[in-house]
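Read the structure below first, then the notes.
The values are calculated or read from the model by the stated rules, or taken from the named source; none is laboratory data. Because the structure is a prediction, the values reported are computed rather than measured. Every residue, glycine as well, gets a Cβ built from its backbone with ideal geometry; the counts of neighbours run over all protein chains shown. Just so you know, the surface numbers come from the protein's heavy atoms only, side chains and all, with ligands and any DNA or RNA stripped out. Shrake-Rupley method; radii C 1.70, N 1.55, O 1.52, S 1.80 Å.
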Amino acid sequence: MLYNLVMKDYYTLAEAADLLGKSKKTLRIWDNEGKLSAVREPMSNYRVYRKEQLLPFLEFMNGDIAEDVSNRTVPENEYSVLELFAGAGGLAIGLEQAGMKCVALNEIDKWACETLRKNRPHWNVYEGDIKDFSFEKYKGKVDVVTGGFPCQSFSYAGKRLGFEDARGTLFYEFARVVNEVRPAVCIGENVRGLLNHDGGKTLQGMLSILDEIGYTVMPVQVLKAINYNVPQKRERLILVGVRKDIALSFEYPKPYKRVYNLSDALKKGKLYSTNVPKSEGAKYPKAKKEVLDLVPPKGYWRDLPVEIQKEFMGASFYLGGGKTGMARRIGWDEPSLTLTCSPAQKQTERCHPDETRPFTVREYARIQTFPDEWQFSGSVSHQYKQIGNAVPVNLGKELGYAIVSFLNSCYNLSKPK
């Protein structure tokens, strides 16, 4: 059975790579070997892939995914979470929906903190720089520490990176709090780019630090949000550390077969019981709107007349790469591209399928699977930033089920025989 997704006729190299979960380099190798050969798109003459070419690969890939998979797990005890770099609460809501209790959250952005307090007055929100807080009072009282720490390079000086060497970075602060609290498991999340940041040295340094403070790091995985009931092509790198005295392995959540699209996000259906509520939103400048008026649903800058392409793209027109996010209008029958902190900025346009405008705040929130009742504080631009930076709620929930399953096993392991 295929993804529950209406496919278009032609895909660029970047789009095909995203759909198949392969790198563009792999697809180029397959092209050279004749395993999957690119063709010329009839209208533009660009090298693309036909839908019919990709279907057999999708069928093969989906054969490995269980038909009736469910990650839902019921907590056998009350499990508590301390969340760092909490943002507007995407991950925290997801963990809450999975049955865990957030006992404390730290966030530096004042508008995100106001969002957290407005929606969950009982949450203990530590507002300010993580460097200014000690969390030692939670030692032995917290099962999980989570954190979406920013990706920063370390200074190596030609040696194995240690805990003290990472001082001054936000990952050091994450590790410091884990070391203070000593939870059974710690969960770090970041962008996929962390895999190759500084030639992979940054990630390797993080792994060595967690090892040094007494945590066994599970194989790092990149989870695709579209596999976890999120109508968006977003990816998050997940880093899991298990305290070394716990002889258990952590199992990541299984992917779902169904892929939700933009229509599922914004219209009444299986994801939401109503159409998306009305809300404020950004607008395109007049000149940009005139250009995007010419782009069809699921189209992008290559669908414009060549002279307009050159004017709109500027020097980028003559550079390599597909740049498929530029002048992009999303289609109803596809997941959204990854949302950014600003829906109208150049190079990452996310245009509504029918109307020539960016997605509104509530549409943004739906695509990130926030509940409609979750309200965001600050100006419209502050709200977009909070939503764009968030972990999708449904991805957080599925990850939460995996954590609950792990903690249930921990509890059963420690029970007297």
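Among what's in the stretch 380-417 and is of a type in the set (Gly, Ala, Ser) and in contact (Cβ under 8 Å) with a residue 24 or more places away in the chain, pick the residue that is most open to solvent (accessible area, probe 1.4 Å).
Ranking the qualifying residues of the stretch 380-417, first place goes to SER381.
Tell me the residue from LEU170, LEU203 that is of a type in the set (A, V, I, L, M, F, W, C) and in contact with a His (Cβ under 7 Å, 6 or more places away or on another chain), please.
LEU203
Out of the residues in the stretch 106-152 that are under 21 Å from the mean Cα position of the chain (by Cα) and among the polar types (S, T, N, Q), state the one that is surrounded by the most Cβ atoms within 10 Å (Cβ to Cβ).
By that ranking, first place goes to THR146.
Looking only at the stretch 253-271, which residues are open to solvent by less than 30 Å² (accessible area, probe 1.4 Å) and not charged (D, E, K, R)?
Selection gives PRO253, VAL259, TYR260, ASN261, LEU262, ALA265, LEU266.
Only one residue in ILE213, ILE209, ILE226, ILE187 is open to solvent by less than 20 Å² (accessible area, probe 1.4 Å) and either of a type in the set (Lys, Arg) or under 26 Å from LYS22 (Cα atoms) (or both), so which one is that?
ILE187
Taking only pairs six or more apart or across chains, which ones have beta-carbon atoms under 9 Å, a first residue in the stretch 14-42 that is among the hydroxyl-bearing types (Ser, Thr, Tyr), and a second residue that is modelled with pLDDT of 80 or more and open to solvent by 50 Å² or more (accessible area, probe 1.4 Å)?
none
Count, please, the residues in the stretch 86-105 that happen to be under 21 Å from GLU173 (Cα atoms) and over 15 Å from the mean Cα position of the chain (by Cα).
4
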